[in-house]
1. Given the conditions (1) of a type outside the set (Val, Ile, Thr); (2) in contact (Cβ under 8 Å) with a residue 12 or more places away in the chain; (3) within 9 Å of chain A (Cβ to nearest Cβ), and given that B:Trp140 satisfies all but one, which numbered condition is not satisfied?
2. Which of the residues belonging to the range A:8-29 are surrounded by 11 or more Cβ atoms within 10 Å (Cβ to Cβ), at pLDDT below 95 and away from DNA strand C (no atom under 15 Å from the Cβ)?
3. Please go through the range A:125-146 and pick out each residue that is surrounded by 22 or more Cβ atoms within 10 Å (Cβ to Cβ) and part of a helix (DSSP H, G or I).
4. Can you list the helices (runs of 4 or more DSSP H) lying wholly within the range B:149-227 that have 1 or more residues being at the interface with chain A (Cβ under 10 Å from one of its Cβ atoms) and within 23 Å of the chain's Cα centre (by Cα)?
5. Tell me, please, whether a residue that is without any contact (Cβ under 8 Å) to a residue 40 or more places away in the chain, within 21 Å of B:Ile150 (Cβ to Cβ) and either within 13 Å of DNA strand D (Cβ to nearest atom) or not β-branched (Val, Ile, Thr) (or both) can be found in the range B:39-56.
6. Determine which single condition B:Thr47 fails, assuming it passes every other condition in (1) more than 21 Å from the chain's Cα centre (by Cα); (2) within 14 Å of another protein chain (Cβ to nearest Cβ).
7. Determine, yes or no, whether B:Ile52 is away from DNA strand C (no atom under 16 Å from the Cβ) and of a type in the set (A, V, I, L, M, F, W, C).
Protein chains: 2
Amino acid sequence: MSKKATGNPRRDESLSRAQIIEASIALLDANGEPGLTFRTLAERLATGAGAIYWHIDNKSDLLLASCDAIISHVTKATAPTKTPEAGIRSVALAIFDAIDAHPWVGSALTRAAGKLPMVRILERLAEQVCALGVPEGDRWSAVSALLSYILGVAGQNAANRQLAQALQLDRSTFLEDVSTVWSQLDVNAFPFTRELAKALPGHDDRADFIAGIDFILCGINANGHLR
Amino acid sequence: MSKKATGNPRRDESLSRAQIIEASIALLDANGEPGLTFRTLAERLATGAGAIYWHIDNKSDLLLASCDAIISHVTKATAPTKTPEAGIRSVALAIFDAIDAHPWVGSALTRAAGKLPMVRILERLAEQVCALGVPEGDRWSAVSALLSYILGVAGQNAANRQLAQALQLDRSTFLEDVSTVWSQLDVNAFPFTRELAKALPGHDDRADFIAGIDFILCGINANGHLR
DNA sequence: ACCTGAACACCGTTCAAGT
DNA sequence: ACCTGAACACCGTTCAAGT
């Protein structure tokens with residue numbers, strides 16, 4: 001009996017890029033960024049480590065493609081909204097939730113400057129900003145502010161999640177730990193942080209996130225009134 | 001003649017944490033994040049790789065400490081400003097410029113969730129937000145929005161710089177390259193991005209950055225008027 | 001107390017060799 | 001055309017042994 005016939009069933013069809021990305025996402029979801037390794041990936045795909053390089057350029061290509069698989073799904077069909085403001089909130093929240101579900105997407109997004117995943121988000125934002133009536137010359141700064149803010153929250157959220165994961169803590173105990181550290185800071189040097197520490201454990205990430213979006217929307221609209 | 005007496009002059013005093021951090025920053029500035037290695041660092045400090053571990057916990061500790069050395073300097077004494085708004089802009093710009101000078105600080109900041117460098121920025125922002133007259137209950141969302149935005153731009157800027165550095169391109173040719181890629185995207189799928197591509201090469205990062213800060217400030221102030 | 005430097009357990013990536 | 005898997009050139013980190 002050949003090894004191929006029984007044990008460790010080999011794939012029948014050849015490896016595909018889509019298969020690799022799917023397995024990559026599974027690994028990233030399960031064990032975070034350090035969980036994605038060419039060796040682990042090869043094992044999971046029942047192939048050799050080098051085989052992957054036939055379909056993928058390198059690790060950063062793999063990470064980018066995995067990130068794009070998530071983001072493209074999220075930015076695809078969003079339900080039509082009554083106002084452009086609501087549209088922006090809905091795009092933003094969709095990304096927020098995606099990163100909540102896949103923390104590694106946050107850091108991948110930050111490193112994919114100008115690449116497809118970022119562009120997908122940019123496009124949806126620009127679409128709504130345009131619908132808001134912002135003239136072409138002012139669109140860039142509006143879109144760029146929204147994008148930076150979204151990516152900023154994305155990055156921070158991802159970092160929080162990954163740190164909590166590495167320390168084997170759930171979200172709330174992690175926040176409590178940060179809160180206690182903050183409240184023990186030097187009173188003279190960090191009076192405000194000590195105050196804010198109280199609010200930290202109870203706060204709602206998602207609500208804070210849209211609050212920020214609304215601040216920016218307010219600024220964008222106010223700029224319009226000046227014209 | 002002993003090796004110690006002439007060649008490769010050994011340090012006279014023992015290694016210090018400050019020395020290590022100084023050397024670490026020099027390496028990071030010179031060759032970016034991949035330029036920082038325990039081996040290179042040890043060589044530069046004329047010591048063994050393991051010696052560093054007597055003073056530093058691990059690489060992430062080293063990166064955090066290096067980042068904090070930059071940020072603490074930047075957040076230290078800022079000139080008093082006429083308005084809190086100006087104060088916020090000045091803090092924000094100081095960080096923007098620091099990351100411009102040390103791109104690796106941007107990514108380090110993103111990964112240092114809740115740690116000292118982030119707290120230093122948070123404190124300065126909270127101070128000014130308080131001076132703005134925002135009541136304690138509303139401060140967190142205002143500070144958090146500003147912080148997320150600043151860290152978002154920080155991260156993106158750092159990513160751009162590091163990518164450009166890796167590709168051996170200067171800022172303007174890098175932006176032009178991104179711009180051409182964007183303008184070649186599918187018209188149906190990315191009409192807005194194609195439009196924005198035109199504005200990309202000419203735009204002023206720093207001006208865009210404060211434009212975003214002003215959007216948020218506008219939102220924070222408007223919230224006050226509702227009370 | 002502080003340092004040395006070999007050794008360990010990993011990485012991503014390459015490439016001759018196979019089918 | 002696609003895959004194999006050993007080999008290469010790195011990493012961060014540890015630790016017995018030194019001073």
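The values are calculated or read from the model by the stated rules, or taken from the named source; none is laboratory data. What you see is a predicted model; the values in this text were computed from it and never measured. FYI the Cβ positions are ideal-geometry reconstructions off the backbone, even for glycines, and counts take in every protein chain you see.
1. Failed condition: (2).
2. Matches in the range A:8-29: A:Ser16 only.
3. Passing the criteria: A:Leu125, A:Ala126, A:Gln128, A:Val129, A:Ser141, A:Ala142, A:Val143, A:Ser144, A:Ala145, A:Leu146.
4. By residue number, B:171-183, B:205-226.
5. no
6. With respect to (1) more than 21 Å from the chain's Cα centre (by Cα); (2) within 14 Å of another protein chain (Cβ to nearest Cβ), B:Thr47 is out only on (2).
7. No, not satisfied.
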